[in-house]
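Worksheet: the structure to be examined is printed underneath.
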Amino acid sequence: MAASRKLASLRLPPLPTVGELIKLYNLRAEKQLSQNFLLDLRLTDKIVRQAGSLRDAYVCEVGPGPGGLTRSILNAGVADLLVVEKDTRFIPGLKLLSEAAPGRLRIVHGDILTYRMDRGFPVNISKPWQEDPPNLHIIGNLPFNVSTPLIIKWLENVANKSGPFAYGRTRLTLTFQKEVAERLTASTGSKQRSRLSIMAQYLCTVHNCFTIPGRAFIPKPEVDVGVVHFSPLVQPQIQQPFKLVEKVVRNIFQFRRKHCHKGVEKLFPEVCRVELTQEMMQKADVDPTLRPTELTIPQFRALADAYAHLCTQEPGLLSYEFREELRLKHLARQRNTPTGTFIGA
Ligand code: SAM
């Protein structure tokens, strides 16, 4: 009873609607910043519910824009909401919301790709990695143009327990273009299985919560949108450095319809390609005729472990990039000079 009274007292007082604010401040959507607004508060409430209970939580919202999702987060009873918005035009509307929720909404005018979230919240909300997650969430109706680089950056942060994950296993509830949401959550053998599926799923439990039709946004984007929830695993399924895993997965998926050994080959310079590919596939005990989409995460783990082992034996291998070798060959051909051997093999 007392708890529900407290939650009621945290609900926002009557305010102009988000639509009225957009008109009031003349907030035309900017295509360049991937601005597609959600004005239906039932939908924004539904996104917020996917995060779980937000009572007394600390939350960072990415790109609050005119503040629809922001209202839903505040109404869920959060203790502290930090919003990071790149477009100055939204700041006055957000200040209005901040006045309606005294002491609970902090506004940062900045770029989420460079914002230091590890400094954004009090240290005492941190939880050791092995324990329950901290009461800290990241929520956002992400701009399409930053959603993939942002999730890759945050996955690397999960691997290194840095950025938002310096506080522990911070959970994320984010929107993506529907096809990207499907890739993030695709299981072994599915058509959508891709580099993103492996990178997300070896580090997190990833759940595709629901799809929002494009027509729910203003202006309507060309695509539908998926809401995805990420919860970092206590123990990553692959225990190698993020950059190494990323390199193995990227190379294997570059020929997604071919047998997986085709991509593995490209991890090695031409001079030792055949021999080291064979050694890596044998050591990992993976059938070289499987397609990249058919490989399980344990098989990617075995491949990453085998590659890491070869890298310890062959200095310079880790920094070898097939595309760089191609580029150098191309340059050499243009200058009509022979290429050197790439690594110190
Ligand atoms: N949250 C609002 C909603 O649901 O209606 C707006 C969502 S809109 C898809 C994306 C928002 O992110 C816009 O407000 C845009 O200005 C902002 N944005 C775009 N790039 C950004 C960046 N790099 N850092 C922070 N905000 C960004």
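The values are calculated or read from the model by the stated rules, or taken from the named source; none is laboratory data. Just so we're clear, the structure is a prediction, and the values are computed from it rather than from any experiment. A quick note on method: Cβ atoms are made from the backbone with ideal geometry, for glycine too, and the neighbour counts reach across all protein chains shown. The protein model used for the area step is the full one, side chains on, heavy atoms only, and it has no ligands, DNA or RNA in it. Shrake-Rupley method; radii C 1.70, N 1.55, O 1.52, S 1.80 Å.
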- Item | Criterion (open to solvent by 50 Å² or more (accessible area, probe 1.4 Å) and either closer than 23 Å to residue 49 by Cα or over 15 Å from the mean Cα position of the chain (by Cα) (or both)) met by exactly one of 247, 262 | 262
- Query: Do we have any residue at all in the range 219-228 that's free of Cβ contacts under 8 Å to residues at least 60 places away in the same chain, more than 15 Å from the ligand (Cβ to nearest atom) and not in a helix (DSSP H, G or I)?
  - Reply: no
- Item | Flag for residue 122 being more than 24 Å from residue 50 (Cβ to Cβ), open to solvent by less than 60 Å² (accessible area, probe 1.4 Å), more than 16 Å from the ligand (Cβ to nearest atom) and not β-branched (Val, Ile, Thr) | yes
- Query: Do we find that residue 163 is surrounded by fewer than 22 Cβ atoms within 10 Å (Cβ to Cβ) and on the phi > 0 side of the Ramachandran plot in this structure?
  - Reply: yes
- Do we have residue 302 as among the small types (Gly, Ala, Ser), surrounded by 14 or more Cβ atoms within 10 Å (Cβ to Cβ) and closer than 30 Å to residue 36 by Cα here? no
- Item | Filtered residue count, the range 56-70, keeping only those that are of a type in the set (Val, Ile, Thr) and not in a strand (DSSP E or B) | 1
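Could you say which residue among 132, 111 is within 13 Å of the ligand (Cβ to nearest atom), among the acidic types (Asp, Glu), free of Cβ contacts under 8 Å to residues at least 60 places away in the same chain and not in a strand (DSSP E or B)?
111
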- Message: If the requirement is being at pLDDT 95 or above and within 13 Å of the ligand (Cβ to nearest atom), which of these qualifies: 170, 175, 185?
- Response: 175
- Query: Mind checking which pairs have a first residue in the range 34-59 that is touching a residue at least 12 places away in the same chain (Cβ under 8 Å) and a second that is away from the ligand (no atom under 14 Å from the Cβ) and small (Gly, Ala, Ser), Cβ under 6 Å, 6 or more apart or different chains?
  - Reply: 48/76; 54/76; 55/77; 56/79
- Task: Assess whether residue 234 counts as being in contact with a Lys or Arg (Cβ under 8 Å, 6 or more places away or on another chain), closer than 26 Å to residue 163 by Cβ and in a helix (DSSP H, G or I).
- Result: no
- Task: Among the residues of the range 135-164, count how many are more than 16 Å from the ligand (Cβ to nearest atom) and either touching a residue at least 40 places away in the same chain (Cβ under 8 Å) or hydrophobic (A, V, I, L, M, F, W, C) (or both).
- Result: 8
- Which residues, counting only those in the range 172-200, are in contact (Cβ under 8 Å) with a residue 60 or more places away in the chain and under 11 Å from the mean Cα position of the chain (by Cα)? 173, 174, 175
- Message: I want to confirm something. Restricting to the range 71-108 and keeping residues that are in a loop (DSSP other than H, G, I, E, B) and free of Cβ contacts under 8 Å to residues at least 24 places away in the same chain, which single residue is nearest to the chain's Cα centre (by Cα)?
- Response: 103
- Message: Checking residue 104 against (1) of a type in the set (D, E, K, R); (2) more than 16 Å from the ligand (Cβ to nearest atom); (3) open to solvent by 30 Å² or more (accessible area, probe 1.4 Å): exactly one of these is not met. Which one?
- Response: (3)
- residue 284 fails exactly one of the following numbered conditions: (1) small (Gly, Ala, Ser); (2) closer than 30 Å to residue 171 by Cα; (3) free of Cβ contacts under 8 Å to residues at least 24 places away in the same chain. What is the number of that condition? (2)
- Query: Of all residues in the range 7-55, which are under 18 Å from residue 219 (Cβ atoms), away from the ligand (no atom under 12 Å from the Cβ) and not in a loop (DSSP other than H, G, I, E, B)?
  - Reply: 20, 23
